[in-house]
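The values are calculated or read from the model by the stated rules, or taken from the named source; none is laboratory data. What you see is a predicted model; the values in this text were computed from it and never measured. Here the Cβ positions follow ideal geometry from the backbone for every residue, glycine too, while neighbour counts run over all protein chains shown. SASA here: full protein model, heavy atoms, side chains in, ligands and nucleic acids out. Shrake-Rupley method; radii C 1.70, N 1.55, O 1.52, S 1.80 Å.
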Amino acid sequence: MNQTSNSGAERLRRRMARGAAFLGSEIAVMGGAMSWVSERNLVAAISNAGGFGVIACGAMTPELLDAEIAATRALTDKPFGVNLITMHPQLTDLIAVCAKHGVGHVVLAGGLPPSGSLEAIKGSGARLICFAPALALAKKLIRSGVDALVVEGMEAGGHIGPVSTSVLAQEILPEVAEQVPVFVAGGIGRGAAIAGYLDMGAAGVQLGTRFVCATESIAHANFKKAFIRASARDAVASVQIDPRLPVIPVRALRNAGGELFTAKQREVAQALDEGRVAMAEAQLQIEHYWAGALRRAVIDGDVEHGSVMAGQSVGMVTREEPVADILATLMDEAAQALEKRVA
Ligand SMILES: Cc1cc2nc3c(=O)[nH]c(=O)nc-3n(C[C@H](O)[C@H](O)[C@H](O)COP(=O)(O)O)c2cc1C
């Protein structure tokens, strides 16, 4: 390495120091939890390569999570986290499983922590990380004792809010980044973007899409192929066509399943108009439409009818490669970008 690249790498190390210390990892890059994808192999690979892997609990039972944490521990002695979804009916039991294993960091996704969950997580000695979809919520979460925040914009894969990463980062970082570490997520595909968010005050970043095609990822070959073929514009947000039938926005690759979903919404809306179905039943039909669809795509490889959740950075995923190479590339790019800075 020459003199200048050393200085870029050194700047990067300094800018990531706080986030890395918080996570207990070498670099402040979190592998965003992805249901079905972020299991023992990918999580351990990310942590072993110096990042911070996060198990996606998703709809797992406490017994399955118990086994997954133990299996991940067997593959890495580095720290990793567990992502729990607030709506899970057994959230309390899942928190107890994390506590039993001494999991150091719990990420709560899907809204504000339900009553008692924050105390239970922090009481176990774990750090609690929450998603902040707006400045007011970021402040509220900090007041309630959350240890760190993820700010995720609508470029991301999976469930999304309405605001872009760049706007959320501008709104939230200047106000709260000094109080708690903030990790920026959504649409990050290259190291220059990481450098940019660190410059803005982020303690680190979280990436999901970029890790799906890692060699260590168990995602089906068809799922990986779909990622490698896709460009940014193929990763579209699900569309709600009738205000009576709420659709939670999800960003995924355009496919036949998405088109059938639009047709289904039209069909159910018409049944509502004609009084052939009650409102509650109609809404349930929409809510349950995608049940099991992510598993169908990730595990079974049905990328036409399953849900191929992917962020807009999917266009920057061009091949299958080991996690260590993905992280090394990102860090090199970030260091190069920082080398050009004056300070
Ligand atoms: C296939 C897939 C599944 C995901 N599942 C979850 C999940 O179960 N829980 C969660 O909090 N976030 C989930 N996410 C979001 C990621 O954790 C991460 O925040 C996001 O991918 C970051 O944005 P990026 O995709 O632009 O890198 C998922 C994302 C993808 C692509």
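Just one of (1) in contact with a helix residue (DSSP H, G or I) (Cβ under 6 Å, 6 or more places away or on another chain); (2) under 30 Å from Gly189 (Cβ atoms) trips up Ile129, so point out which.
Result: Ile129 fails condition (1) only.
Kindly indicate whether any position in the stretch 224-232 is among the basic types (Lys, Arg), surrounded by 16 or more Cβ atoms within 10 Å (Cβ to Cβ), touching a Cys at 6+ places or on another chain (Cβ under 8 Å) and within 25 Å of Gly53 (Cβ to Cβ).
yes
So is Gly161 open to solvent by 10 Å² or more (accessible area, probe 1.4 Å), in contact with a helix residue (DSSP H, G or I) (Cβ under 6 Å, 6 or more places away or on another chain) and within 16 Å of the ligand (Cβ to nearest atom) or not?
Answer is no for this residue.
Got at least one residue in the stretch 54-71 being surrounded by fewer than 23 Cβ atoms within 10 Å (Cβ to Cβ) and within 16 Å of the chain's Cα centre (by Cα)?
Checking the stretch 54-71: at least one residue is surrounded by fewer than 23 Cβ atoms within 10 Å (Cβ to Cβ) and within 16 Å of the chain's Cα centre (by Cα).
So which residues in the stretch 261-281 are surrounded by 14 or more Cβ atoms within 10 Å (Cβ to Cβ) and under 24 Å from Ile160 (Cβ atoms)?
Phe261, Thr262, Lys264, Gln265, Val268, Ala269
Hey, Ile172 hits all of (1) within 16 Å of the ligand (Cβ to nearest atom); (2) farther than 19 Å from Leu330 by Cα; (3) open to solvent by 30 Å² or more (accessible area, probe 1.4 Å) but one; which does it fall short on?
Tallying (1) within 16 Å of the ligand (Cβ to nearest atom); (2) farther than 19 Å from Leu330 by Cα; (3) open to solvent by 30 Å² or more (accessible area, probe 1.4 Å), Ile172 fails exactly one: (3).
Can you spot a residue in the stretch 175-187 that is closer than 22 Å to Leu338 by Cβ, in a loop (DSSP other than H, G, I, E, B) and in contact with a Ser or Thr (Cβ under 6 Å, 6 or more places away or on another chain)?
Yes - at least one qualifying residue is present in the stretch 175-187.
Here's a check for you: in the stretch 247-264, which residue that is more than 14 Å from Ala237 (Cβ to Cβ) and free of Cβ contacts under 8 Å to residues at least 40 places away in the same chain is nearest to the ligand (Cβ to nearest atom)?
Glu259
Cβ-Cβ under 6 Å, sequence separation 6+ or interchain: first residue in the stretch 274-303 and among the small types (Gly, Ala, Ser), partner open to solvent by 40 Å² or more (accessible area, probe 1.4 Å) and assigned to a helix (DSSP H, G or I). Which pairs?
Gly301/Asn222
Return the residues of the stretch 42-53 that are surrounded by fewer than 24 Cβ atoms within 10 Å (Cβ to Cβ) and in contact with an Asp or Glu (Cβ under 6 Å, 6 or more places away or on another chain); say none if nothing qualifies.
Listed by number, the list holds a single entry, Gly50.
Does Ser38 count as within 15 Å of the chain's Cα centre (by Cα) and of a type in the set (Ser, Thr, Tyr)?
Yes: the conditions hold for Ser38.
Residues of the stretch 293-343 being within 14 Å of the ligand (Cβ to nearest atom), outside any helix (DSSP H, G or I) and either at pLDDT below 95 or farther than 30 Å from Val268 by Cβ (or both), which ones?
Val317
Out of the residues in the stretch 157-174 that are among the β-branched types (Val, Ile, Thr) and in a helix (DSSP H, G or I), state the one that is nearest to Val298 (Cα to Cα).
Top of the filtered list is Thr165.
Consider only pairs whose beta carbons are under 7 Å apart and that are at least six residues apart or on different chains; among these, list those whose first residue lies in the stretch 186-202 and is in contact (Cβ under 8 Å) with a residue 40 or more places away in the chain and within 15 Å of Ala156 (Cβ to Cβ) and whose second residue is within 11 Å of the ligand (Cβ to nearest atom) and of a type in the set (Asp, Glu).
Correct list of pairs: Gly186/Glu152; Gly186/Glu155; Gly187/Glu155.
Going through the stretch 134-151 one residue at a time, which ones are surrounded by fewer than 20 Cβ atoms within 10 Å (Cβ to Cβ), in contact (Cβ under 8 Å) with a residue 12 or more places away in the chain and on the phi < 0 side of the Ramachandran plot?
Within the stretch 134-151, Ala134, Leu135, Leu137, Lys139, Lys140, Ile142, Ser144, Asp147 qualify.
Quick test for you: out of Gly196, Gly189, pick the one residue that is of a type in the set (Gly, Ala, Ser), within 11 Å of the ligand (Cβ to nearest atom) and modelled with pLDDT of 95 or more.
One residue alone meets the criteria, Gly189.
Residues of the stretch 242-260 being of a type in the set (A, V, I, L, M), surrounded by fewer than 14 Cβ atoms within 10 Å (Cβ to Cβ) and in a loop (DSSP other than H, G, I, E, B), which ones?
Scanning the stretch 242-260 gives a single hit, Ile248.
How many of the residues making up the stretch 199-222 are crowded, with 24+ Cβ neighbours inside 10 Å and either away from the ligand (no atom under 13 Å from the Cβ) or over 17 Å from the mean Cα position of the chain (by Cα) (or both)?
2
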